[in-house]
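**Student:** Below you will find the structure I want to go over with you.
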Amino acid sequence: MKNQMRRYILISCLMLIVGLAVAQEMVNVTGFVQDQGTRSGVSDVTIRSTQLNKPLGSTDKRGLFKISAPKNDVLIFTSTGYKRTTESLEGKKAFTFTIYMTREENTLKEVVVQGFATRKRETLTGSSMTIDGKQLQDNPVSNVTELLQGKVAGMNVQVNSGQPGVRASVLVRGLSNISVSGSGQDAFLTPTSPLYIVDGVPVDDNTDFQYGFNSAGTGISPISLIPPEDIQSIDVLKDAAATALYGSRGAYGVIRITTKRGLSKVPIIQYSTNQFFNLPPQLRDVLGGKNERLTRINQVLNNSGGYYNGRDLIFDNQILSDSLNPYFNNSTNWQDVFYRPTYSQSHNVNASGGDATFNYKINGQYYTQKGIVQNTGFDRYTLTMNSEYRPTDRFRMFVNMAGNIGRQQTGTGTAVSQGGVANSASASSLLPSPSSPFVDPTVAESILGRNDNRTTDVKSNVELEYEIIPGLRAKNNFSYNYISDRTDKFAPSVSNNNVSKLYNYDSQRNTIYNMAQLTYIKSWGPEDKHILTTYVFNELNLLNFKAKAQQPEGFSNDQLEGPIGHGSARGGVLDNAADVRSAGFAGAISYNYMSKYVVDFTYRFDKSSSTGPDVPWQKNPSISARWNMQKESFLQDAAENWLDYLSLRAGWGKNIVPTGTVFDANGKYIFTGEFNNNPTIGFDWGQMPNSKLIPSTTTSSSLAVEAGILGNRITTIQELYYKQVDNTLWDRQLADHNGFKMLKGNDVSMVNYGYEFTFMFRPLPSSSQVNWNISLNGAVNKDILTRLPDNARQYVLRDKEANGFDTYYRLGRNSMSFLLYDYRGVFSTDEAVPVNPETGESYKTIRDGKTYYFQAGDPYWTDLNGDYILDDRDRVIVGNAQPKVTGGLSTFIQYKNLSLNVNTSFTLKRDVINAAMASQMNSYANPLFGDTRGQKNSALLPMDGYDFWTNYGDNSFLPNPFDYSRSGGVRPFRPNQTLFLEDGSYWKINSLTLAYNFPREWTSKYKITSLRIYGTANNVYTFTKYTGPNPEGVTAMGYDRSDGYPTPKTYTVGLNVQF
């Protein structure tokens, strides 16, 4: 017994000694884990001990860690999306480290959202692309859609207006609608922007998109109220397999925006600021002062039927003859009056903290951008808060609240044009610079007027998730969104015949959204080879909208703007009220076998109050599959040597989009006058109700190959797609004998098909100190019209304006073609003009009942029908306003703490009507100014560099611009001719960013965990053969309008600091 006791005591002592020895060998290890590329902290990195074979801890949100480990241990650092990194403690005297982790380049491990489920890319069957939020930093913009330009194959982003706060035009895989409103240069297509999902809540970016004359709204995009600094990631879903579960809103594509979350046990604060300068681009060249006066005088003397007649006309024109009068003896650069460089800034503060159980984030931003046009600009005030509570794996609650205010100033223009400034900036240089006693009314309103547009956007959502039994989870997402718009326009009395004018607009929009989902996941077989995921859900969306406006005028002075003291007023509730209900029920089944074979099937039912009462529930099915071939035995050798992954996927599906309104389907009653001094209500006979109005249907299919080789140094996606859009809304004019004037029907169909490609290349090995990535993407798209109203083969949409911007539709051609006069050159002599052999009359044209015979110096347009009379029947069908090829090229180079990021985009084979150049060349049409008195459309284009016809017998490219007595009839520079049809192809350097991350060893003494400075140039340069101002700044109809808002060049200095 005693021996056993001694043996027990001896063993216990030995164990105690060994334990103490081991304990003495444990050391405290601290450090900072950084991203090798961005040098920012990496959170949630697991740190594992090799000797103890267990995890020792993880990094916080800032990337900091503090653990206890054996003295000679080897630590292993692992994190999703990064390569495994090791650090040996053997022989080390200090145990504080900075660990650099390299991103894992295997894109199949990316996490992507398809439908309402999160999954790895290697199991994704739909077409999608993920953009890291870090790619959207360092470039202050008023709308984040600008930063998506050139980043996603098949998504065409065009920044066609430089007005601060205006969204870019976004089209996914071509046109989805050819319905046109308006006329002339103001014609526009019905918006078909993708559906935006912000933190799980749908946002309609088509709301309040302003088209100038046709909208009373503020034109502030809801997406422009989201700070880029607060975005964690953006997922772009392009085909029906990826978007089918979004039903009636996903037919144009889906863009999911996920904002940042908090996940740090120690609270952190991030501050970033941008100081940026906006410069006007190269503006048009004009003649000034003495040169303008002499040019006009010579033109009148040589083209007025004789010298003495011209002399008399000049003497009768005070602007030209009274050169000693200081009012008419100037050299004013009117473009400098209205276009100016500006200084702007933004400040963003983010506070976050928490862990996997509870986390929170608060983000606030102030952004102000002054426009390069007088009285224009955009301000953004945002405050967003979210928190997540997950006490157990079975329960999760996410709460998000956001309050945003946007304030936009558009001067005398709209969100897309600046007509007042464009007219005023084209005034004669002979007039004096502006001062209110004698300035033109349009100039006065441009400088002294006020146009404030404000949008208040308040939204909140609560998402609850609970696991009922193992594998079965229930989730509910409820959101409420309130948007209030306000517009105040004031025109001082000096701009309106001494009568001041005020316009007020107010609107309110309420949106309620609820989605309830039930998900079940079941796995079976050895190592869970078989995984079946299924979920069902229903959606309910309720929206109501109302607006009112008033316009008082005649105030006693310009300092008084009501509500009393005006001379007259009109206003009331507008007729665009809306009350829309929509519901959807859907289900999905996904089968996954060892992540080798994946098959998805979805089915959805939708109904909307805007469809006709006789229309049943709409059905949206989709089916898609994926085959990861690198896991097959016949590719085993390749997979072990050079092939990282090789996948084939295919999909087919349908989506719908409700068309029209409840009034289009059911008709409406309106005020029809008075009877016995009492107001009467009657039916609106202007439009026939269509009880069978159905949604537009988009059917799409795709086939793609994804591959990565050589350690993912080269990755690519090659994809073919086919998209058919049926039952598009169209306004059909009815016969005069019908009781109604018009009917909205589903009468148009079209097809888009094409090819998309994405290449990503890392030229240098991972062992190199230089990290260099190159990304190239592009899409080739062809659109074809397949159906027109009444089964017609062709249709001409007439332009109501005098410019004749008619649009031609024909089956089998691209969706929209131009109808233009075919320009062949200039008649060098009178003998060159064709003569009708039957009548002996020269080639002629007739305008306003007057005949004009062509002569030397006049343009030669093709007489298509051979009747020797130029008229509308001589126009040819030519061109396509939609680009055939779009894409982008970007590169990122990083050496130690210094990095360079360059982003470019390109558009090829797009036809543009250079109406801006036509307007400039037409500037010589009235050398005596006419009714404009030189106050608009009077800036002369310099003749240098242009081959105009000037002398009899000249073989010139451009017609005679000086024959002003006949220019009104011949119209040599009419914009609707092939002379001004140009190739709008371009390659644009969107942005260039140079950044430096300070080493943490330098900043830690100041309690700063990360410090980064950078400089960015935006809209750097555009390579193009286009002769107009900007090949990108054109309308969707293909017109380069002369009154557009130019896109500025921006230069930024920024700072990002984290505490």
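Here, each number is a calculation from the coordinates, and none is a lab measurement. This one's a predicted model, so the numbers in the text were calculated from it and none came from an experiment. A quick note on method: Cβ atoms are made from the backbone with ideal geometry, for glycine too, and the neighbour counts reach across all protein chains shown.
**Student:** Whose amide H sits under 5 Å from the amide H of residue 190, counting only residues 5 or more places off or on another chain, with H placed in the peptide plane?
**Tutor:** Sorted by chain and number, the residues that satisfy this are 179, 181.
**Student:** Sticking with this structure for a sec: Could you sort the peptides 380-386, 633-639 by per-residue average Cβ neighbour count (10 Å cutoff), highest mean leading?
**Tutor:** Details: 380-386: 19.7, 633-639: 11.6.
In descending order of packing, they fall as 380-386, 633-639.
**Student:** How many nm separate the modelled label positions at residue 983 and residue 830, each set 7 Å beyond the Cα in the direction of the Cβ?
**Tutor:** Going from the residue 983 label point to the residue 830 one covers 4.1 nm.
**Student:** Using modelled backbone amide H atoms (1.01 Å from N, in-plane), which distant-in-sequence or interchain residues come within less than 5 Å of residue 985's amide H?
**Tutor:** For residue 985, whose amide H was placed from the backbone, the distant partners under 5 Å are 909, 910.
**Student:** Please work out the C-alpha center-to-center distance from segment 447-471 to segment 740-778 and express it in whole Å.
**Tutor:** First find each Cα centre; the distance between them is then 29 Å.
**Student:** Applying a 10 Å radius around every beta-carbon, put 884-892, 329-337 in order of their mean neighbour count, most first.
**Tutor:** On the way: 884-892: 20.8, 329-337: 16.7.
Highest mean packing first, the order is 884-892, 329-337.
**Student:** Residue 83 to residue 458: extension gain in nm, 0.36 nm per residue of separation minus the Cα-Cα distance? The partial results should precede the final answer.
**Tutor:** Details: separation 375, 0.36 × 375 = 135.00 nm, distance 4.10 nm.
So the chain would gain 130.9 nm between residue 83 and residue 458.
**Student:** Dipole of segment 823-961, Cα-centred, from +1 at each Lys and Arg C-beta and -1 at each Asp and Glu C-beta, to the nearest 20 debye? List each step's numbers first, then the result.
**Tutor:** Details: 12 positive and 16 negative charges, 221 e Å.
For segment 823-961, the charge dipole is close to 1060 debye.
**Student:** Taking other Cβ within 10 Å of each residue's Cβ, how do 181, 233, 426 sort, fewest first?
**Tutor:** Working: 181 13, 233 20, 426 24.
So the ranking, lowest neighbour count to highest, is 181, 233, 426.
**Student:** Which FRET efficiency value, to the nearest 0.05, is calculated for residue 298 and residue 275 with the Förster distance at 35 angstrom and r the Cβ-Cβ distance?
**Tutor:** On the way: r = 50 Å, r/R0 = 1.42.
Efficiency, rounded to the nearest 0.05: 0.10.
**Student:** I'd like the distance between the alpha-carbon centres of segment 992-1010 and segment 579-639, rounded to an integer number of Å.
**Tutor:** 46
**Student:** Follow-up question, since we're still on this one. In the chain, which helices (entire DSSP H runs) extend 20 Å or more along their own long axis, judged by Cα positions, while averaging at least -1.0 on the Kyte-Doolittle scale?
**Tutor:** Values: long enough: 2-25 (34 Å, 0.73).
Both cut-offs are met by 2-25.
**Student:** For segment 591-663, report the % of Cα-Cα distances exceeding 14 Å.
**Tutor:** 70
**Student:** Taking R0 as 25 Å, what FRET efficiency do you get between residue 720 and residue 591 from their Cβ-Cβ distance, rounded to the nearest 0.05?
**Tutor:** Details: r = 25 Å, r/R0 = 0.99.
Efficiency for this residue pair is about 0.50.
**Student:** What residues have an amide H closer than 5 Å to that of residue 847, excluding those fewer than 5 places away on the same chain, when H is modeled at 1.01 Å from N in the peptide plane?
**Tutor:** Counting only residues 5 or more places away or on other chains, the set is 852.
**Student:** If each residue of separation counts as 0.36 nm, what is the full-extension length gain between residue 1002 and residue 691 once their alpha-carbon separation is subtracted?
**Tutor:** On the way: separation 311, 0.36 × 311 = 111.96 nm, distance 7.16 nm.
Between residue 1002 and residue 691, full extension yields 104.8 nm more.
**Student:** For segment 871-1026, build the charge dipole from Cβ charges (+1 Lys, Arg; -1 Asp, Glu) around the Cα centre, then report which of 924, 1026, 1010 sits farthest towards its positive end.
**Tutor:** My answer, from the dipole projection, is 1010.
**Student:** As a footprinting exposure proxy, order 1002, 652 by other Cβ within 10 Å, with the fewest listed first.
**Tutor:** The fewest-first ordering by Cβ neighbours comes to 1002, 652.
**Student:** Please turn the phi angles of segment 71-85 into ³J(HN,Hα) values with the Karplus equation 6.51 cos²θ - 1.76 cosθ + 1.60 (θ = phi - 60°), one per residue in order, whole Hz, x for glycine and proline.
**Tutor:** With the stated coefficients, segment 71-85 comes to 4, 9, 6, 10, 8, 10, 10, 9, 7, 4, x, 10, 6, 5, 10 Hz.
**Student:** Another question about this same structure. For segment 903-1059, what does the convex hull of the Cα positions come to per residue, in cubic angstrom? Numbers along the way, then the final one.
**Tutor:** Details: hull volume 27.6 nm³, N = 157.
Hull volume normalised by residue count: 176 Å³.
**Student:** Mind checking the dipole of the chain: about its Cα centre, +1 per Lys or Arg Cβ, -1 per Asp or Glu Cβ, Debye to the nearest 20?
**Tutor:** On the way: 103 positive and 97 negative charges, 952 e Å.
With only Lys, Arg, Asp and Glu charged at Cβ, the dipole is about 4580 debye.
**Student:** Calculated FRET efficiency, residue 343 and residue 768, Cβ-Cβ r, R0 51 Å, to nearest 0.05?
**Tutor:** 0.80
**Student:** As I understand it, the dipole of the chain uses +1 on the Cβ of Lys and Arg and -1 on the Cβ of Asp and Glu, about the Cα centre. Which of 168, 358, 680 lies farthest toward its positive end?
**Tutor:** Farthest along the dipole direction, towards plus: 358.
**Student:** Going toward the positive end of the dipole of segment 797-938, with +1 on Lys and Arg Cβ and -1 on Asp and Glu Cβ, which of 908, 859, 809 do you reach last?
**Tutor:** Projecting each Cα onto the dipole axis, the largest value belongs to 908.
**Student:** Mind checking the full-extension length gain between residue 671 and residue 709? Use 0.36 nm per residue of separation minus the Cα-Cα distance, one decimal, nm.
**Tutor:** Numbers: separation 38, 0.36 × 38 = 13.68 nm, distance 6.98 nm.
Computed gain between residue 671 and residue 709 is 6.7 nm.
**Student:** Ok, one more. Counting other C-beta atoms within 10 Å, which of 843, 482, 852 has the fewest, and how do the rest follow?
**Tutor:** Values: 843 21, 482 14, 852 17.
Fewest-to-most Cβ neighbours within 10 Å comes out as 482, 852, 843.
**Student:** Let me ask you something else. Placing unit charges on C-beta atoms (Lys and Arg positive, Asp and Glu negative, everything else neutral), compute the dipole magnitude of segment 539-660 about its Cα centre in debye, rounded to 20. Provide the component values of the computation, followed by the final result.
**Tutor:** On the way: 12 positive and 13 negative charges, 95 e Å.
Roughly 460 debye, rounded to the nearest 20.
**Student:** For the chain, what value does the Rg/Rh ratio take when both radii are computed over Cα atoms and Rh is the Kirkwood radius, given to two decimals? It would help to have the intermediate numbers written out before the result.
**Tutor:** On the way: Rg = 33.6 Å, Rh = 32.7 Å.
A ratio of 1.03.
**Student:** Label 7 Å along Cα→Cβ of residue 737; segment 678-708 residues with amide nitrogen under 11 Å?
**Tutor:** Output list for this probe position: empty.
**Student:** Would you calculate a helix-derived [θ] at 222 nm for the chain, using -39,500 (n - 2.57) for each DSSP H run of n ≥ 4 and dividing by the full residue count, to the nearest 500? It would help to have the intermediate numbers written out before the result.
**Tutor:** Working: 13 runs with 103 residues, N = 1059.
After summing the helix terms and dividing by residue count, I get -2500 deg cm²/dmol.
**Student:** Moving on to the next point. Taking every eigenvalue of the Cα gyration tensor of segment 926-983, multiplying by 5 and rooting it, what semi-axes result, largest first, whole Å?
**Tutor:** Numbers: eigenvalues 91, 46, 32 Å².
The equivalent ellipsoid of segment 926-983 has semi-axes of 21, 15, 13 Å.
**Student:** How large is ³J(HN,Hα) for each residue in segment 487-501, as worked out from phi by the Karplus curve 6.51 cos²θ - 1.76 cosθ + 1.60 (θ = phi - 60°), to whole Hz, x for Gly and Pro?
**Tutor:** Taking θ as phi minus 60°, the curve returns 10, 10, 10, 10, 10, x, 4, 5, 9, 8, 6, 6, 10, 5, 9 Hz for segment 487-501.
**Student:** For the pairs 668/741; 654/692; 260/546; 529/619, flag any whose C-alpha to C-alpha distance is greater than 24 Å.
**Tutor:** Working: 668/741 14 Å; 654/692 20 Å; 260/546 34 Å; 529/619 33 Å.
Over 24 Å apart, Cα to Cα: 260/546; 529/619.
**Student:** Let me ask something else about it. Please say if segment 872-922 is rounded, prolate or oblate, where rounded means a/c under 1.5 for a ≥ b ≥ c the square roots of the C-alpha gyration tensor eigenvalues, and otherwise the choice is prolate for a/b larger than b/c and oblate otherwise? Could the numbers behind the result be given before it?
**Tutor:** Working: a/c = 10.52, a/b = 2.67, b/c = 3.94.
Oblate shape, in that a/c is at least 1.5 and b/c is the bigger or equal ratio.
**Student:** Counting only the backbone N, which residues of segment 630-652 are under 18 Å from the spot 7 Å out from the Cα of residue 529 toward its beta-carbon?
**Tutor:** 630-636
**Student:** Give the cross-link partners of residue 475 among the aspartates and glutamates, using a straight C-alpha distance below 16 Å as the criterion and excluding same-chain residues fewer than 8 apart.
**Tutor:** Correct list for residue 475: 199, 388, 393, 463, 465, 467, 539.
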